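Written below as structure tokens is the structure these notes are about.
The values are calculated or read from the model by the stated rules, or taken from the named source; none is laboratory data. Fair warning: this is a prediction, and the values are worked out from it, not measured in the lab. So basically every Cβ, Gly included, is an ideal-geometry build from the backbone, and we count neighbours across all protein chains shown.
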There are 2 protein chains.
Amino acid sequence: MAENSEQVRRAVVLLSGGLDSTTVLAIARAEGYECHCLSFNYGQRQVVELQLARANALRLGARQHLFLDIGLDKIGGSALTADIAVPKGRSVDEMEQGVPVTYVPGRNTIFLAYAMAWAEVLAAGHIFIGINALDYSGYPDCRPEFLRAFEQLARLATRAGVEAGRALTVQAPLLHLTKKEIILKGMALGVDYGATHSCYDPAGAADGGLACGACDACLLRRKGFAEAGLIDPLPYRHQEKEA
Amino acid sequence: MAENSEQVRRAVVLLSGGLDSTTVLAIARAEGYECHCLSFNYGQRQVVELQLARANALRLGARQHLFLDIGLDKIGGSALTADIAVPKGRSVDEMEQGVPVTYVPGRNTIFLAYAMAWAEVLAAGHIFIGINALDYSGYPDCRPEFLRAFEQLARLATRAGVEAGRALTVQAPLLHLTKKEIILKGMALGVDYGATHSCYDPAGAADGGLACGACDACLLRRKGFAEAGLIDPLPYRHQEKEA
């Protein structure tokens, strides 16, 4: 069955409120996709990201935005969802030693499974996800071969795949970009990076949810802005760590 | 890295409280697995199943039982999770025409993704799932090729797969059995089928959550008991439909 043009251009965009996924939304919009954003409250420490996600979805012209409460904190096993300390002040070399404690078991598989389900209900032919294999090689579920395996699974798991032979594509436009390249691309597309953060250990809402500036995610972000020759517009709790 | 015997024999068992998954738990226990049961409240109509799941997990000697609230009702697209009528009184031929409205988009993919995440945290090497390809061929995510694709995905998605080359197996011992064969196997293992039901449209809790007796799931169950020459111990709202 031929796809109609609406199916071709309709996409579910996984949006965390962080730098990467917000850039992905801007890219998908620039490519003309009708974007249905999906965000999760999964018991992570950085729920402030979800408020930023809502603002960014509106600002970048998403068609709709669905928030799901999912129970990853009950499964645990990660510094983001359980009582495990978030590492601070690590070098990139240290970050690349094995799978970090901030890895959340199954997270991207679960996110993509929900995105696939919603795409099926919406008759959307595409999922966008902001994963990146270069800057942070420690996560098993951020690798190209993982994405291809998920596409193969989606082909078998869905009504669309069975009845119409339509394939759902998983698009990861940041997969092979450095953080510097991601930031430059987003700036060209008008992303407001002052309204994004990806901190693993932000302050509580009472303190404005300020990013820490020293966890792996903050350090990679700051390194990216420095390499791009740009000022990171985000305030941090630990400004002295500025690269 | 060699697996130790505990990893080999530790399993996450997806348990709905229905006939199939309860039989799977009994099989896994009979095979000597340490069983960690996982049940979902996904906005389905048949929440009474979850109470039955709890009782069956205790009775069959599960090591622990985790209940997760997940937001599938917000995604909708199925008679089980949205305001779509559950078909009644259909013949098996009618049931086998295409994908039924009781199909929940992405459900088994999402269930397996959570099971994979928990298995990783528990260092369990196996997932058990009660899917069946024979009696009900309409669900795309009940096919052997779907399960194999999920195993391949899990190999790439997890820390265990990356660091140790350990594969998670997905075991579906009912995959090629008829309902009659499933029931006979469960009876031999001491399953109390009076405390299981899989009805798509049960009465409310105030009415004891009685199974309807006429939806596809009830009809297939009743047909299975009849073919096995056994009395189904479950009371139904529509006893006149008895095969």
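Summary table below
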{"read-out": "Among residues of segment A:169-210, those that are touching a strand residue (DSSP E or B) at 6+ places or on another chain (Cβ under 6 Å) and modelled with pLDDT under 90, counted", "value": "5"}
{"read-out": "Positions within segment A:133-145 being among the charged types (D, E, K, R) and either over 24 Å from B:Trp118 (Cβ atoms) or more than 9 Å from chain B (Cβ to nearest Cβ) (or both), in sequence order", "value": "A:Asp135"}
{"read-out": "Check on B:Arg222, surrounded by 17 or more Cβ atoms within 10 Å (Cβ to Cβ) and modelled with pLDDT of 90 or more", "value": "yes"}
{"read-out": "Residues (part of a helix (DSSP H, G or I), more than 14 Å from chain B (Cβ to nearest Cβ) and modelled with pLDDT of 85 or more) located in segment A:76-132", "value": "none"}
{"read-out": "Candidates A:Leu68, A:Leu112, filtered to the one that is in contact with a Ser or Thr (Cβ under 9 Å, 6 or more places away or on another chain) and surrounded by 22 or more Cβ atoms within 10 Å (Cβ to Cβ)", "value": "A:Leu112"}
{"read-out": "Matching residues, segment B:221-231, being within 14 Å of B:Thr23 (Cβ to Cβ) and of a type outside the set (Lys, Arg)", "value": "B:Gly224, B:Phe225, B:Ala228, B:Leu230"}
{"read-out": "Of the criteria (1) within 14 Å of another protein chain (Cβ to nearest Cβ); (2) surrounded by fewer than 22 Cβ atoms within 10 Å (Cβ to Cβ), which one B:Leu58 fails", "value": "(1)"}
{"read-out": "Flag for B:Cys212 being within 21 Å of B:Asn132 (Cα to Cα) and of a type outside the set (S, T, N, Q)", "value": "no"}
{"read-out": "Helices (runs of 4 or more DSSP H) completely within segment B:1-70 that count 3 or more residues being at pLDDT 95 or above and touching a Pro at 6+ places or on another chain (Cβ under 9 Å)", "value": "B:19-30"}
{"read-out": "Pairs with Cβ under 7 Å, 6+ apart, first in segment A:204-223 and in a strand (DSSP E or B), second aliphatic (A, V, I, L, M)", "value": "A:Ala211/A:Leu234; A:Cys215/A:Val86"}
{"read-out": "Residues that are crowded, with 17+ Cβ neighbours inside 10 Å, under 13 Å from A:Ser21 (Cα atoms) and of a type in the set (A, V, I, L, M), drawn from segment A:178-216", "value": "A:Ile182, A:Ile183, A:Val191"}
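So that you can scan it fast, the table gives a plain yes or no per residue for (1) closer than 19 Å to A:Leu174 by Cα; (2) under 15 Å from the mean Cα position of the chain (by Cα):
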site: A:Pro87; (1), (2): no, no
site: A:Glu94; (1), (2): no, no
site: A:Gly98; (1), (2): no, no
site: A:Val104; (1), (2): no, yes
site: A:Arg107; (1), (2): yes, yes
site: A:Met116; (1), (2): no, no
site: A:Glu120; (1), (2): no, no
site: A:Ala124; (1), (2): no, no
site: A:Ile131; (1), (2): yes, yes
